[in-house]
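Some notes on the structure that comes next.
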Amino acid sequence: MRRALTAVGAARGIALGRVRVRHPQALAVAETRIPAEAVPDEILRLHRALDTARAELHGLRDRLHGALAQEVGEFLDLHVLILDDPELLHGLDDLVSTGRYSADYALKLQRDRLAAVFEGMHDDYFRSRREDLDHVIGRVHAALQNRGDDAAHGLAGEILVCEAVAPSELAELQGQGVVAIVAATGSPLSHSAILARSLHLPLVLGAGELLALANDGDALMVDGGTGELVLEPDTDDLHRYHRRRAELGREQAQLARLRRQPTRTQDGVDIRLYANAESREDVAEAHALGADGIGLYRTEFLFLQRRELPDENEQFLAYRDLVLGMAGRVVTIRTLDLGADKADHTGLTLRSEPNPALGLRGVRLSLVHEALFLTQLRAILRAAAYGPVRVLVPMVCSREEMVSVLAMLEKARASLRAEGLQAGERVELGAMIEVPAAALGLADFIDLVDFVSVGTNDLVQYLLAVDRGHESLVSLYTPRHPALLRLLSELFAYGRRNGIPVAVCGEMAGEAANVPLLLALGLRDFSLHPSTLLEVRRAIREADLASLRRRAQSLLRAHDRAGIEKWLAR
Ligand code: PEP
Ligand code: MG
């Protein structure tokens, strides 16, 4: 029977396929005891399954190539680490040899034990590690059942409907032919969602109802943009789907023609479009689409999912690749923004902060770990010898922090000089405006910066006091709030008066629908993921800047979201 549901669209694109349900309790194994004489064979069976799982993970890692190799590879490495964890392994052996449980049941018991430990911690970081544990255990269980790759082969043309999806799985699932993913949990600002957008894999989150309703083999239509889901679509739905698909195909072809066109409004004003990048693939795409440069390179992706810190040389090579990849266009490298939702394995971030979003993160963390910060700044300065580079500092709150950063930059430069190492001559320094205090207090440190970039993802979170990753607050988390628009308008005007460029690099700038609003408020520098760059360029080319600017006052008089949307609709 047809059922239409709406959840949260997290990565755009439409898909039609058969459902493949992955229930969270996939490890439904009956309690089975084995006789003492069967123990050695059972241990052998268990170890073979562990070896198979290990070999699969290594095989996947070897097959990765291109830009995703590093990011996804790090998640796979983490899974290998979990698989080799002595506590997990000893526990398993013990349960089989002493407890006389079957290998399958031992696996379930160990999983339940460790999951309870993770869950008891009530910490986002550990919750996400619990998901990794489930993935690893699921892989070993499949190997015990001799399912291995067979289960995967059937995935072509299927839509995975699951409780949660890990970033490490996405590329693998797509490689196996999964055409979309629908998960019950997760937020559009999660790393899985960012990666799904990079892979152009439609993703819908918050769809717990579908997980309860859907069965393997049901037909499902997914719209990763609107979050619409239609289970067992009827003829009208199918017509709609095919029409939409044809429309999207035509739109892609039209957009492709904008690759070499200037980003110029109807009344002849050039607007700068920079790209946000997390991977080498993003950099290549940004270059191919004619981005004006990289407006935000998130260096924390070099640090996540690993135990050792990347050393200066590894960082230098990554940043140099980025600079060379943009062939002379400016590259904005953001210093480490770990903490809160971006927790690492290196022991840098605190594990038990009561309010991680208000805790040791961004520049605060860098200033606490001086040696680490110096290493990163040295690597960036060395890369700057190869092309124009700007340094962007995340989570700035005060003048004192920018003064300390400047001192560290000087120290890094002096140490390179002393060692006779090459560094970029002129490296501009910028601050991210993500905290209301920095937005309201820009005047206090504007003399210390060459540019600023507004991180609306965090600014919205702190201004509205709404957790950006909170699944139940998705409807409250919006940049279309009068207070944010007023603040942005003042920032843009203040930057203009002082000759300091003010960019927006939050997700807000990557939505074509926000273009008239941002132009009206005075934005001239957009920074966005390459996946929506052409759409945003098209929206800018369709806009008449002078008439939008004339309408800015009426936008700023809107008292609520409905008023802002009414303004946009006009
Ligand atoms: C932001 O906060 O808007 C931003 C661009 O940074 P991130 O999403 O990496 O926190
Ligand atoms: Mg941020």
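Residue by residue, here is whether (1) closer than 30 Å to residue 456 by Cβ; (2) aromatic (Phe, Trp, Tyr); (3) surrounded by 17 or more Cβ atoms within 10 Å (Cβ to Cβ) holds:
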site	(1), (2), (3)
389	yes, no, yes
396	yes, no, yes
407	yes, no, no
410	no, no, no
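Listed here are the residues, each with its yes/no results for (1) acidic (Asp, Glu); (2) in a helix (DSSP H, G or I); (3) closer than 26 Å to residue 340 by Cα.
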residue	(1), (2), (3)
409	no, yes, yes
413	no, yes, no
421	no, no, no
453	no, no, yes
461	no, yes, yes
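Being within 16 Å of ligand 1 (Cβ to nearest atom), touching a Leu at 6+ places or on another chain (Cβ under 7 Å) and within 21 Å of residue 199 (Cα to Cα) is true for just one of 281, 300. Which residue is that?
300
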Original post:
Which one of these is of a type in the set (Gly, Ala, Ser) and on the phi > 0 side of the Ramachandran plot: 430, 362?
Top reply: 362
**OP:** Restrict the check to the stretch 400-413 and report whether at least one residue is within 16 Å of ligand 2 (Cβ to nearest atom) and either more than 17 Å from residue 493 (Cα to Cα) or not charged (D, E, K, R) (or both).
**Re:** yes
Original post:
What are the residue pairs meeting all of these: first residue in the stretch 452-472, first residue over 22 Å from residue 525 (Cα atoms), second residue of a type in the set (Val, Ile, Thr) and more than 12 Å from ligand 1 (Cβ to nearest atom), Cβ atoms under 7 Å, and 6 or more apart or on different chains?
Top reply: 471/185
**OP:** Output yes when any residue across the stretch 438-447 is farther than 29 Å from residue 317 by Cα, of a type in the set (A, V, I, L, M), touching a His at 6+ places or on another chain (Cβ under 8 Å) and in contact (Cβ under 8 Å) with a residue 24 or more places away in the chain, and no when none is.
**Re:** no
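Check 248, 317, 258 and return the single one that is aliphatic (A, V, I, L, M), in a helix (DSSP H, G or I), without any contact (Cβ under 8 Å) to a residue 24 or more places away in the chain and more than 16 Å from ligand 1 (Cβ to nearest atom). Can you show your working first?
Working: 248 fails: without any contact (Cβ under 8 Å) to a residue 24 or more places away in the chain; 258 fails: without any contact (Cβ under 8 Å) to a residue 24 or more places away in the chain.
One residue alone meets the criteria, 317.
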Subject >> Selected residue (only one of 361, 329, 334 is at pLDDT below 95, under 21 Å from residue 449 (Cα atoms) and of a type outside the set (Phe, Trp, Tyr)) >> reply: 361
**OP:** Test each condition in (1) in a helix (DSSP H, G or I); (2) surrounded by 15 or more Cβ atoms within 10 Å (Cβ to Cβ) for residue 276 and report the one that comes out false.
**Re:** (1)
**OP:** Any residue in the stretch 399-418 that's more than 19 Å from residue 450 (Cβ to Cβ): show its pairings with residues that are outside any helix (DSSP H, G or I) at Cβ separation under 6 Å, as long as the two are six or more apart or on different chains.
**Re:** 416/423
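Condition check ((1) within 15 Å of ligand 2 (Cβ to nearest atom); (2) modelled with pLDDT under 90; (3) touching an Asp or Glu at 6+ places or on another chain (Cβ under 8 Å); (4) not hydrophobic (A, V, I, L, M, F, W, C)) across all residues:
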{"site": "317", "(1), (2), (3), (4)": "no, no, no, no"}
{"site": "351", "(1), (2), (3), (4)": "no, yes, yes, yes"}
{"site": "356", "(1), (2), (3), (4)": "yes, yes, yes, yes"}
{"site": "365", "(1), (2), (3), (4)": "yes, no, no, no"}
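Residues are listed down the side, and each one gets a yes or a no for (1) surrounded by fewer than 18 Cβ atoms within 10 Å (Cβ to Cβ); (2) in contact with a strand residue (DSSP E or B) (Cβ under 7 Å, 6 or more places away or on another chain); (3) of a type in the set (A, V, I, L, M, F, W, C); (4) at pLDDT below 95:
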{"position": "176", "(1), (2), (3), (4)": "yes, no, no, yes"}
{"position": "187", "(1), (2), (3), (4)": "no, yes, no, yes"}
{"position": "198", "(1), (2), (3), (4)": "no, no, no, yes"}
{"position": "204", "(1), (2), (3), (4)": "no, yes, yes, no"}
{"position": "242", "(1), (2), (3), (4)": "yes, no, no, yes"}
Subject >> Top-ranked residue in the stretch 491-513 [being without any contact (Cβ under 8 Å) to a residue 40 or more places away in the chain and assigned to a helix (DSSP H, G or I); ranked as surrounded by the fewest Cβ atoms within 10 Å (Cβ to Cβ)] >> reply: 497
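Would you mention how many residues in the stretch 206-240 are part of a loop (DSSP other than H, G, I, E, B), under 27 Å from the mean Cα position of the chain (by Cα) and either modelled with pLDDT under 95 or surrounded by fewer than 22 Cβ atoms within 10 Å (Cβ to Cβ) (or both)? Walk me through how you get there before you give the answer.
Taking the stretch 206-240 and keeping what is part of a loop (DSSP other than H, G, I, E, B), we get 206-207, 214-218, 224-227, 232-234.
Going one step further and asking which of them are under 27 Å from the mean Cα position of the chain (by Cα), we end up with 206-207, 224-227.
Narrowing the set further to residues that are either modelled with pLDDT under 95 or surrounded by fewer than 22 Cβ atoms within 10 Å (Cβ to Cβ) (or both) leaves 206-207, 225-227.
Here the count works out to 5.
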**OP:** Could you please find all residues in the stretch 55-84 being modelled with pLDDT under 85, in contact with a helix residue (DSSP H, G or I) (Cβ under 9 Å, 6 or more places away or on another chain) and of a type outside the set (A, V, I, L, M)?
**Re:** 56, 58, 61, 63, 66, 70, 71, 73, 74, 75, 77, 79
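Of all residues being away from ligand 2 (no atom under 16 Å from the Cβ) and in a loop (DSSP other than H, G, I, E, B) in the stretch 466-489, which is surrounded by the fewest Cβ atoms within 10 Å (Cβ to Cβ)? Just the residue, please. Walk me through it before giving the result.
Here is the first cut: in the stretch 466-489, the ones away from ligand 2 (no atom under 16 Å from the Cβ) are 471-476, 478, 480-483, 485-486, 489.
Next, only the ones that are in a loop (DSSP other than H, G, I, E, B) stay: 474-476, 478, 480-481.
On the way: 474: 20, 475: 9, 476: 13, 478: 14, 480: 20, 481: 19.
Out of the qualifying residues, it is 475.
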Subject >> Unmet requirement for residue 353, which otherwise passes all of (1) within 16 Å of ligand 1 (Cβ to nearest atom); (2) on the phi < 0 side of the Ramachandran plot >> reply: (1)
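Name every residue in the stretch 529-570 that is of a type in the set (A, V, I, L, M) and without any contact (Cβ under 8 Å) to a residue 60 or more places away in the chain, in order of residue number. Spell out how you get there, then give the answer.
First pass over the stretch 529-570, keeping only residues of a type in the set (A, V, I, L, M): 533-534, 536, 539-540, 543, 545-546, 548, 552, 555-556, 558, 562, 564, 568-569.
Answer for the stretch 529-570, where residues must be of a type in the set (A, V, I, L, M) and without any contact (Cβ under 8 Å) to a residue 60 or more places away in the chain: 539, 548, 562, 568, 569.
The values are calculated or read from the model by the stated rules, or taken from the named source; none is laboratory data. What you are looking at is a predicted structure, and each value in this text was computed from that prediction instead of being measured. Reconstructed Cβ throughout: ideal geometry from the backbone, glycine too, with neighbour counts over all protein chains shown.
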